[in-house]
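Report on one structure; see the data block that follows.
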Amino acid sequence: MVSNTQIIFAKVPTTFPVAGEHMVVKKSEIDLDAEIPQGAIITKTLDLSVDPYMRGRMRDASIKSYSPAFPLNQTMNGYVVAEVIKSNNPKFTVGDLVQGLGGFAEYVLTPEPYTAYLTVRNDIKESGLPISNYVGVLGMPGMTAYVGLIKFGKPVKGETLYVSAASGAVGQLVGQIGARLGLRVVGSAGSDEKVAYLKEIGFDSAFNYKTVDIQQALGEHCPNGIDIYFENVGGKMLEAVIDHANKFARIVCCGMISQYNTQNPEPIYNMTKVVSKSLEIRGFIVGDSPEMADAFRRDVTEWLKAGDIKYREDIVEGIENTPEALIDVLRGKNFVSTTFPVAGEHMVVKKSEIDPDADIPQGVILIKNLVLSVDPYMRTRIRGPDVPSYLPAFDTNEIMPGFIVGQILKSNNAKFTVGDTVYGMVGFAIYLITPEPLTISLDVHNEIKSSGLPITSYVSVLGMPSIAAYVGNVVWFCWIKSGDIKYRENTPEALIDIFYGKNFGKKAVHVADL
């Protein structure tokens, strides 16, 4: 038996989640020598991603959305990179790295069909990049950036692009892609340090929204108006942008983080200008553009190795800091007065045990999470089940899920082989048993091992954030910039850091080494 730390969704928050109340760390034991069911795998989580969309899953399960609510008193899940340490599934081999949606736990037994949410990505091992990249710039956040700007922003050389929350996992990529496409790029962030970083990575202009009048700042920094707005904030920021938007401007709505943690969302009073200016406002969910995934991974991996785009990560050490990491992601982008969360209340680290040698049912896999992604969207899932949203609320007292890169440890699923590297969305745990149909959220990406890039890239620039900023650009190059890495026990803190805006760039959680 080995110790197994899990992140449990314990309670639905009404405003900001509190670590220890809404997300709880649970410690238990797992028997890695026990038989596992046919199709199942056991994975060891290496890194996990905390993202803003997760807040939308922190809701009552009765409230429907595009993403299911976190089950109460269960392990949370999200995007991870993990290592397969046991497999009873021909699609996964012991030693494989996997990327996808996995449980937020150190060890995860994943049965079929949930192994479908993990993809073998053994190319991660040979990539030469940190594993954390595969839950950030090479993961879901990266794919979000990739899709959003090109597919929905429809950029034209010479136009002005404005990006809010521009120093975040998605925003910093959106701006750099825009600059390479010949746009004049303006960004806003919440500190002078972040503003300086935006200028360092190629933004033409940037400002600290906390120290200026937003209307005046947009007039000064966007003298020719705004043609494309990449929306991450909402509220008064969106209202100000509408005032400064040019005719036929495109507003690409990726998120509205200022509104996630308030019970009284700010109204927009100038919506008539959407008509008079012929504005296009388009929301999008990165998962609705799966046709872009292969091109995104191929292109961004190549561009990262070329070194022309910089990407900064904020890595939290330890899975028990996941709640704080997620809350930090949410809080830093917030524009309204609200009560701030306390780590250890809303997201709690739980230690338990898992038997990796136990039989697992047909279709099940056991995943070892390698990298977890903590992102601002996760705050929207930390809510009551009666609050509607595009993402399901996290279930109270359950393991929180998110984007991960992981490895198949045990498999009883024909799609996965022991040793496969998988990417997708599973619970935030070091080891996670993933049954069918949850395995459908994981894809095998063994190319991660040979890519020469860090595994963390696949939850950042090669993950969801980047695909939101880019679709189809052939001249984008990225450079991974080292970040502040934290380990698995700190997953709650990492997530809260994102909510509080303490992250600088993509925040991921390193769970385990290969």
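The values are calculated or read from the model by the stated rules, or taken from the named source; none is laboratory data. Because the structure is predicted, anything quoted here is derived from the model rather than measured. Methodologically, a virtual Cβ is constructed for each residue, glycine included, from the backbone with ideal geometry; neighbour enumeration extends over all protein chains shown.
Would a scan of segment 99-115 turn up a residue that is over 20 Å from residue 322 (Cα atoms), of a type in the set (Asp, Glu) and buried (at least 24 other Cβ atoms within 10 Å of the Cβ)? Scanning segment 99-115, I find at least one residue that is over 20 Å from residue 322 (Cα atoms), of a type in the set (Asp, Glu) and buried (at least 24 other Cβ atoms within 10 Å of the Cβ), so the answer is yes. Applying the set (1) assigned to a strand (DSSP E or B); (2) more than 26 Å from residue 55 (Cβ to Cβ) to residue 199 leaves exactly one unmet item: (1).
The lone criterion from (1) more than 19 Å from residue 323 (Cα to Cα); (2) buried (at least 24 other Cβ atoms within 10 Å of the Cβ) left unmet by residue 70 is number (1). Within segment 265-292, no residue that is assigned to a helix (DSSP H, G or I) sits with its Cβ atom under 6 Å from a residue that is charged (D, E, K, R) and surrounded by fewer than 16 Cβ atoms within 10 Å (Cβ to Cβ) at 6+ positions apart or across chains.
Here residue 87 meets the list (1) farther than 30 Å from residue 241 by Cβ; (2) free of Cβ contacts under 8 Å to residues at least 40 places away in the same chain almost entirely, failing just condition (2).
When the test is whether a residue is in contact with a His (Cβ under 8 Å, 6 or more places away or on another chain), charged (D, E, K, R) and within 29 Å of residue 283 (Cα to Cα), residue 51 does not pass it.
Condition check for residue 138 on (1) in contact with an Asp or Glu (Cβ under 7 Å, 6 or more places away or on another chain); (2) part of a loop (DSSP other than H, G, I, E, B); (3) not polar (S, T, N, Q): one failure, at (1).
Considered as a group, the residues in segment 1-53 that are on the phi < 0 side of the Ramachandran plot and among the small types (Gly, Ala, Ser) include one that is nearest to the chain's Cα centre (by Cα), and that residue is 49. On inspection, residue 162 fails the criterion of being surrounded by fewer than 24 Cβ atoms within 10 Å (Cβ to Cβ) and under 27 Å from residue 135 (Cα atoms). Of all residues in segment 211-224, none satisfies being surrounded by 23 or more Cβ atoms within 10 Å (Cβ to Cβ) and among the hydroxyl-bearing types (Ser, Thr, Tyr).
Say whether the condition of being over 20 Å from residue 443 (Cα atoms) and of a type in the set (Gly, Ala, Ser) is met by at least one residue in segment 26-44. Yes, segment 26-44 has at least one match.
Contact map, segment 55-75: residues that are farther than 20 Å from residue 284 by Cα and at pLDDT below 90 paired with residues that are among the hydroxyl-bearing types (Ser, Thr, Tyr) and not in a loop (DSSP other than H, G, I, E, B), Cβ distance under 9 Å, separation 6+ or inter-chain. No pairs are found.
For residue 78, the requirement of being surrounded by 24 or more Cβ atoms within 10 Å (Cβ to Cβ), within 16 Å of the chain's Cα centre (by Cα) and not assigned by TED's automatic domain parsing to the domain that holds residue 460 is not met.
When you look at residue 150, is it out of contact with any strand residue (DSSP E or B) (no Cβ under 9 Å at 6 or more places or on another chain) and either surrounded by fewer than 24 Cβ atoms within 10 Å (Cβ to Cβ) or outside the structural domain of residue 37 (by TED's automatic domain parsing) (or both), yes or no? Yes, satisfied.
Go through the residues of segment 135-143 one by one and say whether even a single one is more than 30 Å from residue 451 (Cα to Cα) and touching a Pro at 6+ places or on another chain (Cβ under 8 Å). Looking for residues that are more than 30 Å from residue 451 (Cα to Cα) and touching a Pro at 6+ places or on another chain (Cβ under 8 Å), one finds none in segment 135-143, hence no. Taken together, the residues in segment 366-381 that are within 21 Å of residue 171 (Cβ to Cβ) and part of a strand (DSSP E or B) amount to 5. When residue 385 is tested against (1) surrounded by fewer than 24 Cβ atoms within 10 Å (Cβ to Cβ); (2) in contact with a strand residue (DSSP E or B) (Cβ under 7 Å, 6 or more places away or on another chain), just one condition goes unmet, and that condition is (2).
Each row is one residue, and each column tells you yes or no for (1) closer than 30 Å to residue 262 by Cβ; (2) in contact with a Lys or Arg (Cβ under 9 Å, 6 or more places away or on another chain).
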| site | (1), (2) |
| --- | --- |
| 5 | no, yes |
| 12 | yes, yes |
| 29 | no, yes |
| 42 | no, yes |
| 48 | yes, yes |
| 57 | yes, yes |
| 79 | yes, no |
| 87 | no, yes |
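Checked against the criterion of being assigned by TED's automatic domain parsing to the domain that holds residue 96, touching a residue at least 24 places away in the same chain (Cβ under 8 Å), aliphatic (A, V, I, L, M) and surrounded by fewer than 24 Cβ atoms within 10 Å (Cβ to Cβ), the candidates 10, 19, 40, 34 yield just one match: 34. Scan 409, 453, 432 and give me the residue that is part of a loop (DSSP other than H, G, I, E, B) and in contact with a strand residue (DSSP E or B) (Cβ under 8 Å, 6 or more places away or on another chain). None of the other options fit; the residue is 453. Residue 315 - would you say it is touching a Gly at 6+ places or on another chain (Cβ under 6 Å), buried (at least 24 other Cβ atoms within 10 Å of the Cβ) and over 26 Å from residue 425 (Cα atoms)? No, not satisfied. Of the residues making up segment 236-264, those that are modelled with pLDDT under 90 and not in a helix (DSSP H, G or I) are 255, 256, 260, 261, 262, 263, 264.
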